[in-house]
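Student: Sending over a structure as structure tokens; questions will come in a sec.
The values are calculated or read from the model by the stated rules, or taken from the named source; none is laboratory data. Since we're looking at a predicted model, the values are computed, not measured. Cβ placement follows ideal geometry from the backbone for every residue including glycine, while neighbour counts extend to all protein chains displayed.
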Amino acid sequence: MHFDYNEEQQLLADSIRRFIAKDYDFDKRKKIVASPEGASDDVWRTFAEMGLLGIPFAPEYGGFGGGAIDLMSAMEAIGEGLVVEPFVATIGLAAQLVARGGSDAQKRAVLPAVIEGRLKMAFAHTEAGARYDLAHAATTAKKAGKVWVLDGEKRVVLGAPLADKLVVSARTSGGTSEPRGISLFLVDRKAAGLNLRPYVTLDEMRAADVTLKGVEVGADALLGTEGQAWPLIEEVVDFATALLCAEAVGAMKHANDATLEYLKTRKQFGVPIGTFQALQHRMVDMVIAAEQARSMACLACAKVDGEKDARERARMVSASKVKIADACRQVSQESIQLHGGMGMTEELKVSHTFRRLTMIAQLFGDAEHHLARFAALDRS
Amino acid sequence: MDLNYSPEELAFRDEVRAWLNANLPDDLRRKVAEYQELTREDLLGWHRILAKKGWVAPSWPKEWGGTGWNVVQRYIFEEECGYAGTPPLIPFGLSMCAPVLLKFGAEAQKKRFLPRIYNGDDFWCQGYSEPGSGSDLASLKTKAVRQGDHYVVNGQKIWTTLAHYADWIFCLVRSDSGTAKRQEGISFLLIDMKTPGITVRPLVLLDGGHEVNEVFFDDVKVPLENLVFEEGKGWTVAKYLLGHERMNTGRIGASKRELTKLKEFAARQTSNGRPLIDDVRFRDKLSRVEIELTALEITNLRFLDQMRRTGQPPGADVSMLKIKGTEIQQALSELMMQAVGPLAQPFKPSNGGDGFDFFTAALAPRYCNMRKTTIYAGSNEIQRNIISKMTLGL
């Protein structure tokens, strides 16, 4: 039992922290957010050069063979810096589906390019009415001779406007909410019949609704076994959720640090407002929430890396997401409250952190969703 | 990072678990599980079983009977005791008076008191709080005036846990009321409870139980040799003890046992024709407590790992464990009470008790009793003050 990072993990986190402090401060981030693309290719290249994009992939494809724990500290730095580049969308979700479900040929075609920063990806899965149900897929894929034809509509595909390739889930058999019968396909973002309705998300990232009308892909686009994608989707979304938990810990750290600093410097009635016990206790509760969240992020990352029992893995990831979602909500709301009117303005980074924490609380399932999943998976 | 215990730590845990299973007497196990009041003999009986095994005072120096375990082993041992449902080891002698004597006591005091504490020959209690001095301990007024070879103590202590069982009490008293600072002029005295002039009056709590007392001192003569450390330096001693809080303050082992019990219990209760545990509103509350407990356990392990690596005492981290641990204990006791619904109402039989369900009747009083946890040992608000000051610098 130990909780320290090894040397490589620490070095990676340090270099990302330095990079964010130097080249990704609040002003620079603002410019990236305001740019037409809404993300920086330079930043992405730097991530590739640092080796960050290759951590959770096998060495034979150019990766480092690591996992969520190896990324934890880096995810915290990403969270603290409110990085808007599509790291979770590409590395945590879409490329993971390829790495865990794809054939050797598919991995060779995709992973080295991802790791070198030449290829961005997105996972098109969520649909209208699905809410957080991962087994929901009404989009269809039908065999027509040697090709598959995809039809349907996907919502809030994170990173889609920036992606070169999408992994699209589609039903090859079964009813709309059945776990069996879902298949995954690698689809070019520029494929004929695939259209994007892009937008900026509340937390200043890029996403899109994606319509597929008679999109044709070859037999080699099928990822994994036909109709058997659901356990893989669960596994990969759990992995991405664990990364997101670590990212949330970093974002909460910023919210707490900024709020504590404000309590020490802002004066009213001739004294720093941090001398008021009503505010002190609220601040303490924010810090406790963040500590508990950090513990649960450790648990989630450890479970997605090392837990062989899928049910136990899923249950503990859900436990973590419940705690993280609650903490995101508490810390973000309190950070604005304790900043007073200034917290309401766009001028302070803490208000942007509020937006990110608010969205993280719901991404991949809110507290209630994961509470239900946690209870349903109980064996005792 | 590795959240699992090492093979050596697991082997240690298994050894402790197996020994506890084999050596915890059935009647004590049942009494704890059914929330029955433990007598002085119950408490000392278990103390003596552990003393015989050599496990009653793990953190003491080896020459006085300590086990030489590291912080993780000590934590594992304490949590396993909680998980097994042993009677508590009453801390006043073992983990309060003894560490003070080891740090500040004269050699004669150590020789006189430590073996008796170890063997469970003396039952100790703690004389800190007074009617006007709760969280604000330094305002205490109980007076000790030096007369020849003894002090004469006059005043009153309150909330004195198990004073009615005690042979000895350690007290903070004011030996000099003329000091500039309130923290000065306080002394740490060891007082024999049989000394003339001491009166113990029970304070029955809202659950109907007798745990705490008022202790009155009326011209009580205390030999000078019972002063620990220097006269007027009692605050230094008291502060040392505050920093000596144990790492099992989260009581995770005991809460795990309660959670398992609650799940089994809720599966047997029915609500609208279905097991209560399948009731979404009840289940959500239960799940949240389970998740809180999981988070607390990992937080506790993180702090422990940090202690082991840095060799630093835990400081204000213990306050966090106390806040979360007690909230969880309260939530569990509340859910147990809620699980039985209207059957929580019967309290005690009025006709001798034939056919009376004593276990179910203990659930609501237990809920009442557990309200104390967020008040005692530094209320949770005081813990927040500590974190605010020590960790956050506010």
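Student: Looking at this structure, is A:ILE16 within 14 Å of another protein chain (Cβ to nearest Cβ), over 22 Å from A:LYS165 (Cα atoms), in contact (Cβ under 8 Å) with a residue 60 or more places away in the chain and not acidic (Asp, Glu)?
Tutor: It is false that A:ILE16 is within 14 Å of another protein chain (Cβ to nearest Cβ), over 22 Å from A:LYS165 (Cα atoms), in contact (Cβ under 8 Å) with a residue 60 or more places away in the chain and not acidic (Asp, Glu).
Student: Just a yes or no: is a residue in segment A:279-291 within 26 Å of A:ILE55 (Cα to Cα) and without any contact (Cβ under 8 Å) to a residue 40 or more places away in the chain?
Tutor: Looking through segment A:279-291, at least one residue is within 26 Å of A:ILE55 (Cα to Cα) and without any contact (Cβ under 8 Å) to a residue 40 or more places away in the chain.
Student: For residues in segment B:257-266 being within 9 Å of another protein chain (Cβ to nearest Cβ) and not basic (Lys, Arg), which is farthest from the chain's Cα centre (by Cα)? I'd like the intermediate steps shown before the answer.
Tutor: Filtering segment B:257-266 for residues within 9 Å of another protein chain (Cβ to nearest Cβ) gives B:260, B:263-264.
Next cut, not basic (Lys, Arg) only: B:260, B:264.
Working: B:THR260: 22, B:GLU264: 27 Å.
Across segment B:257-266, the extreme among qualifying residues is B:GLU264.
Student: How many residues does segment B:127-150 hold that are in a strand (DSSP E or B) and of a type in the set (Gly, Ala, Ser)?
Tutor: Keep residues of segment B:127-150 that are in a strand (DSSP E or B), which gives B:127, B:130, B:133, B:143-147, B:150.
Still in the running and of a type in the set (Gly, Ala, Ser): B:127, B:133, B:144.
Within segment B:127-150, residues that are in a strand (DSSP E or B) and of a type in the set (Gly, Ala, Ser) number 3.
Student: If I ask for residues that are surrounded by fewer than 19 Cβ atoms within 10 Å (Cβ to Cβ) and either in contact (Cβ under 8 Å) with a residue 60 or more places away in the chain or of a type in the set (Ser, Thr, Tyr) (or both), which ones from segment A:22-35 would you list?
Tutor: Hits for segment A:22-35 are A:PHE26, A:VAL33, A:SER35.
Student: B:ARG112: in a helix (DSSP H, G or I), surrounded by fewer than 21 Cβ atoms within 10 Å (Cβ to Cβ), touching an Asp or Glu at 6+ places or on another chain (Cβ under 7 Å) and of a type in the set (D, E, K, R), yes or no?
Tutor: no
Student: Failed condition for B:LYS181, given (1) assigned to a loop (DSSP other than H, G, I, E, B); (2) under 22 Å from the mean Cα position of the chain (by Cα), with all others met?
Tutor: Unmet condition: (2).
Student: Also, I was wondering about something else. Listed residues B:GLU41, B:GLU79, B:GLU63, B:GLU37; which is surrounded by 19 or more Cβ atoms within 10 Å (Cβ to Cβ) and of a type in the set (D, E, K, R)?
Tutor: B:GLU79
Student: Quick check: anything in segment B:7-15 free of Cβ contacts under 8 Å to residues at least 60 places away in the same chain and farther than 19 Å from B:GLU78 by Cβ?
Tutor: Yes: one or more hits.
Student: Could you grab me the full set of residues in segment A:259-290 that are in contact with a Ser or Thr (Cβ under 8 Å, 6 or more places away or on another chain) and either of a type in the set (A, V, I, L, M) or more than 16 Å from B:LEU394 (Cβ to Cβ) (or both)?
Tutor: Result: A:MET283, A:VAL284, A:MET286, A:VAL287.
Matching residues to (1) buried (at least 21 other Cβ atoms within 10 Å of the Cβ); (2) hydrophobic (A, V, I, L, M, F, W, C); (3) more than 27 Å from A:PRO59 (Cα to Cα); (4) at pLDDT below 95:
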{"site": "A:LEU150", "(1), (2), (3), (4)": "yes, yes, yes, no"}
{"site": "A:LYS165", "(1), (2), (3), (4)": "yes, no, no, no"}
{"site": "A:ALA170", "(1), (2), (3), (4)": "yes, yes, yes, no"}
{"site": "A:PRO179", "(1), (2), (3), (4)": "no, no, yes, no"}
{"site": "A:LEU186", "(1), (2), (3), (4)": "yes, yes, no, no"}
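Student: Let me ask something else about it. When you scan segment B:139-170, how many residues do you find that are buried (at least 16 other Cβ atoms within 10 Å of the Cβ) and in contact with a helix residue (DSSP H, G or I) (Cβ under 9 Å, 6 or more places away or on another chain)?
Tutor: Looking only at that region, the number is 11.
Student: Do you know which residues across segment B:342-381 are part of a helix (DSSP H, G or I), crowded, with 16+ Cβ neighbours inside 10 Å and within 14 Å of another protein chain (Cβ to nearest Cβ)?
Tutor: B:THR374, B:ASN380
Student: List every residue pair whose Cβ atoms lie under 7 Å apart, where the two residues are 6 or more positions apart in sequence or sit on different chains, the first residue falls within segment A:83-96 and is assigned by TED's automatic domain parsing to the domain that holds A:PHE26, and the second residue, located anywhere, is among the acidic types (Asp, Glu) and not in a helix (DSSP H, G or I).
Tutor: Within 7 Å, the pairs are A:VAL84/A:GLU204.
Student: Kindly indicate whether A:ALA48 is under 21 Å from the mean Cα position of the chain (by Cα) and within 14 Å of chain B (Cβ to nearest Cβ). Can you show your working first?
Tutor: Working: under 21 Å from the mean Cα position of the chain (by Cα): yes; within 14 Å of chain B (Cβ to nearest Cβ): no.
Taking the combined requirement at face value, the residue does not satisfy it.
Student: Any idea which of A:GLY274, A:GLY270, A:GLY306, A:GLY214 is more than 18 Å from A:ILE78 (Cβ to Cβ) and outside the structural domain of A:VAL350 (by TED's automatic domain parsing)?
Tutor: None of the other options fit; the residue is A:GLY214.
Student: Here's a follow-up. Please pick out the residue among A:GLY38, A:GLY67 that is surrounded by fewer than 21 Cβ atoms within 10 Å (Cβ to Cβ) and not basic (Lys, Arg).
Tutor: The conditions single out A:GLY67.
Student: Does segment A:291-299 contain any residue that is part of a helix (DSSP H, G or I), more than 9 Å from every other protein chain (Cβ to nearest Cβ), farther than 26 Å from B:THR391 by Cα and touching a Ser or Thr at 6+ places or on another chain (Cβ under 7 Å)?
Tutor: no
Student: For segment B:383-393, indicate whether the set of residues that are over 18 Å from the mean Cα position of the chain (by Cα), modelled with pLDDT of 95 or more and part of a loop (DSSP other than H, G, I, E, B) is non-empty.
Tutor: Yes, segment B:383-393 has at least one match.
Student: For A:SER332, state whether it is among the hydroxyl-bearing types (Ser, Thr, Tyr) and either within 24 Å of A:ALA74 (Cβ to Cβ) or within 14 Å of chain B (Cβ to nearest Cβ) (or both). Break it down into steps so the answer makes sense when it comes.
Tutor: Values: among the hydroxyl-bearing types (Ser, Thr, Tyr): yes; either within 24 Å of A:ALA74 (Cβ to Cβ) or within 14 Å of chain B (Cβ to nearest Cβ) (or both): yes.
So A:SER332 fits the description; yes.
Student: Next up: Of a type outside the set (Ser, Thr, Tyr), more than 9 Å from chain A (Cβ to nearest Cβ) and assigned to a helix (DSSP H, G or I) - does that describe any residue in segment B:283-291? Break it down stepwise before answering.
Tutor: Narrowing segment B:283-291 to residues of a type outside the set (Ser, Thr, Tyr): B:283-286, B:288-291.
Of the ones still in play, those that are also more than 9 Å from chain A (Cβ to nearest Cβ) are B:285, B:289.
Adding the requirement that they be assigned to a helix (DSSP H, G or I) leaves B:285, B:289.
Looking through segment B:283-291, at least one residue is of a type outside the set (Ser, Thr, Tyr), more than 9 Å from chain A (Cβ to nearest Cβ) and assigned to a helix (DSSP H, G or I).
Student: Then there is this: Out of (1) away from chain A (no Cβ under 14 Å); (2) touching a residue at least 12 places away in the same chain (Cβ under 8 Å); (3) out of contact with any Cys (no Cβ under 8 Å at 6 or more places or on another chain), what's the single condition that is false for B:ASN272?
Tutor: So B:ASN272 meets the others, but not (2).
Student: Still on this structure: Kindly indicate whether B:SER287 is hydroxyl-bearing (Ser, Thr, Tyr), in the same structural domain as B:GLU327 (by TED's automatic domain parsing) and at pLDDT 95 or above.
Tutor: yes
Student: Follow-up. What pairs come out if I take residues in segment A:188-211 that are in contact (Cβ under 8 Å) with a residue 12 or more places away in the chain and crowded, with 20+ Cβ neighbours inside 10 Å and pair them with residues that are in a strand (DSSP E or B) and polar (S, T, N, Q) whose C-beta lies under 8 Å away, six or more apart or interchain?
Tutor: Cβ pairs passing all conditions: A:LEU194/A:THR211; A:VAL210/A:ASN195.
Student: Shifting gears a bit: Could you list, in sequence order, the residues of segment A:216-237 that are assigned to a helix (DSSP H, G or I) and of a type in the set (D, E, K, R)?
Tutor: The initial filter retains those residues of segment A:216-237 that are assigned to a helix (DSSP H, G or I), namely A:219-221, A:230-237.
Correct list: A:ASP220, A:GLU234, A:GLU235.
Student: For the structure I just gave you, tell me whether A:PHE269 is more than 14 Å from chain B (Cβ to nearest Cβ), surrounded by fewer than 19 Cβ atoms within 10 Å (Cβ to Cβ) and aromatic (Phe, Trp, Tyr).
Tutor: In short, yes.
Student: Would you confirm whether or not segment A:300-319 contains a residue that is polar (S, T, N, Q) and surrounded by 18 or more Cβ atoms within 10 Å (Cβ to Cβ)? Break it down into steps so the answer makes sense when it comes.
Tutor: Keep residues of segment A:300-319 that are polar (S, T, N, Q), which gives A:318.
Right, trim to surrounded by 18 or more Cβ atoms within 10 Å (Cβ to Cβ) and you get A:318.
Checked segment A:300-319: at least one residue is polar (S, T, N, Q) and surrounded by 18 or more Cβ atoms within 10 Å (Cβ to Cβ).
Student: Kindly indicate the residue of segment B:304-323 that is within 8 Å of chain A (Cβ to nearest Cβ) and under 19 Å from the mean Cα position of the chain (by Cα) and also farthest from B:LEU394 (Cα to Cα) among those meeting that condition.
Tutor: B:ILE323
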